[in-house]
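Below you'll find the structure, written out as structure tokens, and then a few comments.
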């Protein structure tokens, strides 16, 4: 029972409480650079999920065999080997998308999100817990990237899911605002990424503050203490 509760707590932390993109503000380079549209953002996010899950699994399994003094270089070597496999897989099966993502797939190796979870969690916990933590943290990054990419793409071009045909041939993007929409160039440039991300972080903090205020206003359960009369003399 305690193990399942611990796993649920890891999922909640990854998806919301310790979200890498909104709470920890980690991995800003791919978050800002690749989120020009929703397809690119989600694709890199899913690649990061696989890298985090696999690296956490391997590092957790080998944690007792890795000397403490050299743990960081070994972690990076393990992550680099797994990311190389993902890079080759993207090149083989999603070549058009691979060309668009470019250097950002190999750069997952140096992403501080992946290394931070390996050091802070996988090196100290079991295989199942570490794998779930990697998936949860990765999925937390995926939904932030998806929302950020969708907002920037919609404002910049008036479309959603542009480039989906590179992943699923036959599908097309959705033109939400119509052909007459003039577009807004700033949204697809780096300053636009900062503005949209700042709005998401502000909304995230506002929701957390409202939840905290609501929780503090809940009445505390009263504790009744019965006092028995002293026995008669």
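Given the structure, is residue 82 surrounded by fewer than 16 Cβ atoms within 10 Å (Cβ to Cβ) and part of a helix (DSSP H, G or I)?
Against the criterion (surrounded by fewer than 16 Cβ atoms within 10 Å (Cβ to Cβ) and part of a helix (DSSP H, G or I)), residue 82 does not qualify.
Give me the residue from segment 98-112 that is in contact (Cβ under 8 Å) with a residue 40 or more places away in the chain and more than 15 Å from residue 82 (Cα to Cα) and, out of that set, surrounded by the most Cβ atoms within 10 Å (Cβ to Cβ).
Restricting to residues being in contact (Cβ under 8 Å) with a residue 40 or more places away in the chain and more than 15 Å from residue 82 (Cα to Cα), the top hit is 101.
Considering segment 17-42 alone, what residues qualify as being within 25 Å of residue 84 (Cβ to Cβ), over 12 Å from the mean Cα position of the chain (by Cα) and not in a loop (DSSP other than H, G, I, E, B)?
29, 32, 33, 39, 40
What's the total number of residues in segment 166-207 that are in a helix (DSSP H, G or I) and within 24 Å of the chain's Cα centre (by Cα)?
Adding up the residues that qualify gives 21.
Matching residues to (1) surrounded by 17 or more Cβ atoms within 10 Å (Cβ to Cβ); (2) in contact with a strand residue (DSSP E or B) (Cβ under 9 Å, 6 or more places away or on another chain); (3) at pLDDT below 90:
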residue: 2; (1), (2), (3): no, no, yes
residue: 10; (1), (2), (3): yes, no, no
residue: 22; (1), (2), (3): yes, no, no
residue: 31; (1), (2), (3): yes, no, yes
residue: 34; (1), (2), (3): yes, no, yes
residue: 55; (1), (2), (3): yes, no, no
residue: 65; (1), (2), (3): no, no, no
residue: 96; (1), (2), (3): no, no, yes
residue: 117; (1), (2), (3): yes, no, no
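Return yes when residue 136 is at negative phi, in contact with a helix residue (DSSP H, G or I) (Cβ under 9 Å, 6 or more places away or on another chain), at pLDDT 90 or above and buried (at least 22 other Cβ atoms within 10 Å of the Cβ) and no when it is not.
yes
The values are calculated or read from the model by the stated rules, or taken from the named source; none is laboratory data. For clarity, every value in this text was computed on a predicted model and none was experimentally measured. Cβ: placed from backbone, ideal geometry, glycine included. Neighbour counts: every protein chain shown.
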